[in-house]
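**Q** Please see the structure below; I have some questions.
Where a number appears in this text, it was derived from the coordinates with a stated rule and is not lab data. Here the structure is a predicted model, which is why all the values come from computation and not from measurement. So basically every Cβ, Gly included, is an ideal-geometry build from the backbone, and we count neighbours across all protein chains shown.
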Amino acid sequence: MKLTQVISVTALAAVSLSLTACANRGGGETNAESFPGKTITMIVPYQAGGASDLSARTLAKEMEDTLGQSIVVENRTGGAGSVGLTYLSARPSDGYTIGYLPVETVMLGHQGYDLDPAAFDLLGQIVSVPATIAVRADSPYQSLEELLAAAKANPGSITVSNSGAGSIWQAATTALNEAAGVELKPVPFDGGAPAVTAAVGGQVDAVAAGISETAPAAADGRLRVLAILNDTTSEALPGVKTAKDLGTDVTIGGWGAIGTPAGLPDSVKSTLVDAVKKAAESDAFTAVINKSGNLPVYTDPAAFATFYNAEAARFGTLFAK
C-alpha cells in the first residue's frame, strides 16, 4: 500500500472515531463507565413549593453527594402532571434526565391522557402521602360518621374539594364513596392549597387532601381532620384515627417515586438506584419529609414495580366504575 493510501485510511479512521465520540456526547448515547459526567436534570410535573417539589428537591440535594454531579430541578406543570411526565418519557434514556413520578403516573392513562406507565424505568419509591378528609373547624360535622350519614341522607349534597380533576385526591373521594356506599360530590380546584382554602372559607363542606396540606390548617385551628385514609395514623395529626378504625375500610393516598425514560442502560440504572436509595434513607431526607407530615418510604425498584403495576390495575378498576 502506498504511503498516501495509508495516510488516507488513517485519516478516515480518525474522522470516524471523532464522529463517534461526538455522537456519544450528544445525549442519545451514554458512556456507562464515566456516568455521570455532567449535570443531571430532574423533572417535577408540579409547581415549585408543593409537597412533590419538596420531596424531589430534598432528594436531589442528597443524591448529588453520591453522584458527584449537580442535579437541576425543572418544574414542568399542567394537565394534572401529564405535561411534565410526557416530557420526561420523551427524553433520551441516558440517565441525564430523571424525574419525580407521582401516583398520577398510573392514573392518567385511565382518564383519557396519552400516558403509559410502561414509558418509565423505576428507580424506587421515596415517599408516601396518605389522604385525609377534613372539614372547617366550625363545621356541623363533628366526625366522619356524621359526614357520611349526611351524604347518605342527601346524595350529592355534600361537596368535597380536591386538587384537580384526575388527581389522586379526587380519586380519594371516589374511593370513599365506594367504601361507604354514599355520594359525596367532588369539586376540583387548581391545586391542594386552593382546595384547602375553599374548605376553610366555607365554599365546600369538606376537603380531600394529603396530610401535608391539611395538618398545618388543623394545627392553627382552621380545619378539623375527620380521618386519615391510610393503614396507620400520623404524628402530624395527633388523635386522628384512620377511616378503617372508624368503620369505613378505605386506604388510598399519593406516593412519589423516581424514574427515567424507559430503556436505561443497566450500569447507569445501577448507579442511579444506589444514589436514590442512599438519599431516600438519609437522615436529612427523612427529617424533612417527616416534618411535612408525609411518610418517607424507600422501596427498591423490583418491589416498587410490583406495587406500581398493582396501582395501575387498581385505578383502572376505580375509574371504570
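**Q** Given a cut-off of under 8 Å on Cα pairs at least six residues apart, what relative contact order in percent is computed for the chain?
**A** Numbers: 630 pairs, mean separation 75.9, N = 321.
Once normalised by length, the contact order is 24 percent.
**Q** Okay, moving on. Residue separation times 0.36 nm, minus the C-alpha to C-alpha distance between GLU235 and ASN290: what's the value?
**A** 18.9 nm
**Q** I've got another one for you. Could you give the longest part of the chain that holds none of the GluC sites (Glu not before Pro) found in DSSP loops with at most 16 neighbouring Cβ atoms within 10 Å?
**A** Formally, the longest exposed-site-free interval is 30-182.
**Q** Using a simple charge model, +1 on the beta-carbon of Lys and Arg, -1 on the beta-carbon of Asp and Glu, nothing else, what dipole does the chain show about its Cα centre, in debye to the nearest 20?
**A** The dipole of the chain has a size of about 480 debye.
**Q** Moving on. For Cα pairs less than 8 Å apart in space and 6+ apart in sequence, what is the mean separation divided by the residue count of the range 170-321, i.e. the relative contact order in percent? Let's see the in-between values first.
**A** Values: 125 pairs, mean separation 27.0, N = 152.
So the answer I get is 18 percent.
**Q** Post the alpha-carbon centroid distance, the range 132-169 to the range 53-89, in whole angstrom.
**A** Between the Cα centre of the range 132-169 and that of the range 53-89, the gap is 33 Å.
**Q** Which log10 I(q)/I(0) values does the range 130-252 give at q = 0.15, 0.16, 0.19, 0.23 Å⁻¹ under the Debye formula, counting every alpha carbon as one identical point scatterer?
**A** -0.54, -0.63, -0.93, -1.47
**Q** Let me ask something else. So how tilted is helix 283-292 from the main axis of the chain? Cα-based, degrees 0 to 90, rounded to 10.
**A** So the inclination is approximately 30 degrees.
**Q** Starting from the Cα gyration tensor of the range 197-266, take the square roots of the eigenvalues, sort them a ≥ b ≥ c, and report rounded, prolate or oblate (rounded when a/c is under 1.5, otherwise prolate if a/b is larger than b/c, else oblate).
**A** Verdict is prolate for the range 197-266.
**Q** Note the angle between two axes, namely the Cα long axis of helix 266-280 and the longest principal axis of the Cα atoms of the chain, as a number of degrees from 0 to 90, rounded to the nearest 10.
**A** Between helix and principal axis, roughly 40 degrees.
**Q** Cα-based count: Lys pairs in the chain below 14 Å, eight or more positions apart or different chains?
**A** 4
**Q** Which percent, nearest 5, of DSSP beta bridges in the range 130-252 are antiparallel?
**A** Within the range 130-252, antiparallel bridges account for around 60 percent of the total.
**Q** For Cα pairs less than 8 Å apart in space and 6+ apart in sequence, what is the mean separation divided by the residue count of the range 130-252, i.e. the relative contact order in percent?
**A** Details: 258 pairs, mean separation 42.0, N = 123.
Dividing the mean separation by the residue count of the range 130-252 yields 34 percent.
**Q** If you don't mind, there's one more thing I want to ask. If you line up the long axis of helix 168-180 against the longest principal axis of the chain, both from Cα atoms, how many degrees apart are they, to the nearest 10?
**A** 40
**Q** Plugging the Kirkwood radius over Cα pairs into Stokes-Einstein for the range 172-234, at a temperature of 10 °C and a viscosity of 1.306 mPa s, what D comes out in µm²/s?
**A** 128
**Q** What ranking, highest mean first, results for peptides 161-169, 109-117 when packing means the other Cβ atoms within 10 Å averaged over each residue?
**A** 161-169, 109-117
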